[in-house]
Amino acid sequence: MEYSLGTLRRTHYSKDISPEIAGEEILLMGWVHEIRDLGGIIFVIIRDRDGLMQITAPSKKVDPSILEDLRALRKESVVAIKGTVQEAGKAPNGVEIIPAEINILNLSNQPLPLDPTEKVRAEIDTRLNSRFLDLRKANVSSIFKIKANMFKTIREYFYENEVIEINTPKLVASATEGGTELFPITYFEKEAFLGQSPQLYKQMMMGAGFDKVFEIAQIFRAEEHDTLRHLNEAVSIDFEASFMDDRDVLKILDGMITKVLQSTKENCAAELEALNFTLDIPEGPFPEVTYDDAVDIINSKGVDMEWGEDLSREAEKALGDIQDGFYFLTQWPLAIKPFYAMPDSERPEISCAFDLMYKNLEISSGATRVHQYDLLVKQMLERDLNPDGFGAYLNAFKYGMAPHAGWGVGADRLAMVLTGVENIRETVLFPRDRHRLTP
Ligand code: AMO
């Protein structure tokens, strides 16, 4: 039996095999999804990236050596099967393959640590431990196809709007935002950290004259949270634009999310179906709720909240219960927003900052930024941050910094909304949480 690829080359994916090509000889490559040996006839279901294909071997029609080869197959082994396409009303895609040659490319061990056919349901931890097998399931891989389409759409949106894609360092010397915990690392003889946000770098690019930039990259947060919506390594979609304020960038964010929703609906129908999920597309711009109104709503729902506090989980839930879909939370108190958020010119106790929420889940934070050096230093000091630690950043504000605004979207959280999953771990190939560093 051949164990190397040799001259074997795939001619078709399962999705390309239809009754129109009945009679043609094809070569399919994939995994053994199921074997049913009924004695006089053997059915083998082959799975590739895009679907399933039935191989039908009646003992009267195929060579006895083929039957022997098929009987030697084990579930989840990797095979190349040459055969002829035949119309078959009863087969899943209306076609089946009558095999002429079976090549086992890699035999799978048995028993499997996880059943990719989903006959036996597994808990998330078992699934993540054998993630490569878990990802063979159509519903699981659908999440990542939807996520790939999401990134493609977002990149297209930015490129259409002349936003320049950038890459900023993830090995950094000092804190970004203050507050959030950082992962310390050893950088030769110095201490360094994993970047928690490209915030300071994307702002420095406004001093570099790039006008509009975006970055899609990993962020690292050493938060001890163990929730369904926090990870220690997440992906952030960051946007920053010069000569714009919070109102301008809020509209750009609204436009981006709407485009992503539409594109998911248009391009990922099969994936949404595999997930058994209906994606709703809201009409018009997302509604806005001011922080002041949110405090009233939350208190009216029986959850105590003082003006000036950040939203507790209970408060987010109380608010999410009455907001069905995406909405912006605006006019946050300045004191609970980071030092770089601009105070409102009429009400200095509030900031020009907003969050984008989906029900009770925070998807994005954004703001008009402070572009004046003195105000920036003042706001750092008010938050007990030492401006000496921000020298390189602050320098960019001394020699001509454009007024600017921007936002960051949690890509994995947005993927939760698009796929309807409730655990953020589902939307990340190999998630990193408080308890998981492998695989
Ligand atoms: P913030 O800290 O709110 O803002 O992060 C932006 C968005 O990133 C996502 N996010 C996370 N997702 C999963 N796990 C986490 N631990 C996690 N932390 C954050 C959320 C959140 O809304 N520099 C600002 C953005 C800006 O103002 O441009 C920032 O990082 O969806």
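The values are calculated or read from the model by the stated rules, or taken from the named source; none is laboratory data. Computed from a prediction, not measured in an experiment: that's the story for all the values here. All Cβ positions, glycine included, derive from the backbone under ideal geometry; neighbour counts span all protein chains shown. Side chains included, ligands, DNA and RNA excluded: accessible areas come from the protein's heavy atoms. Shrake-Rupley method; radii C 1.70, N 1.55, O 1.52, S 1.80 Å.
A straight Cα-to-Cα reach below 22 Å connects LYS61 with the lysines LYS82, LYS90, residues fewer than 8 places away in its own chain not being considered. D by Stokes-Einstein for the range 312-439, Kirkwood Rh over Cα pairs, 20 °C, 1.002 mPa s: 127 µm²/s. If you model the range 164-251 as an ellipsoid using its alpha carbon gyration tensor, with each semi-axis the square root of five times an eigenvalue, the axes come out at 25, 17, 10 Å, biggest first. Over the chain, DSSP H runs of length four or greater, each weighted -39,500 (n - 2.57), average out per residue to a 222 nm ellipticity of -8500 deg cm²/dmol.
Normalised by the number of residues in the range 1-119, the mean separation of alpha-carbon contacts (under 8 Å, six or more apart) gives a relative contact order of 29 percent. If you look at the Cα atoms of the chain, you get an Rg and a Dmax of 27.0, 87 Å. Ranked by the mean number of other Cβ atoms within 10 Å per residue, highest first, peptides 223-234, 112-123 order as 223-234, 112-123. On the range 331-427, 50 percent of the accessible area sits on carbon and sulfur atoms, based on a 1.4 Å probe. Cα convex hull, the range 182-230: 108 Å³ per residue, rounded to a whole number. Just to confirm a number: summing +1 for Lys and Arg and -1 for Asp and Glu over residues other than GLU34 whose beta-carbon lies under 12 angstrom from that of GLU34, what do you get? Result for the local shell: +1. Peptides 398-404, 209-215 ranked from most to least packed, by the mean per-residue count of other Cβ atoms within 10 Å: 209-215, 398-404. Accessible surface of PHE193, taken over heavy atoms with a 1.4 Å probe and every protein chain present, rounds to 40 Å². Orientation-averaged projection of the range 41-163 equals 10.9 nm² [convex hull of Cα atoms, one quarter of hull surface area].
Relative contact order, whole percent, for the chain stands at 13, derived from Cα pairs under 8 Å and 6 or more residues apart.
Sorted on the mean count of surrounding Cβ atoms within 10 Å across their residues, most packed first, peptides 182-189, 99-106, 295-302 read 99-106, 295-302, 182-189. Only lysine pairs 8 or more places apart or on separate chains count here, and in the range 243-376 those with Cα atoms under 17 Å apart total 4. Take the chain with all the other protein chains still there, run a 1.4 Å probe, and you get 48 Å² of accessible area per residue. Relative contact order for the range 74-168: 19 percent, from Cα pairs under 8 Å spaced at least 6 residues apart, divided by residue count.
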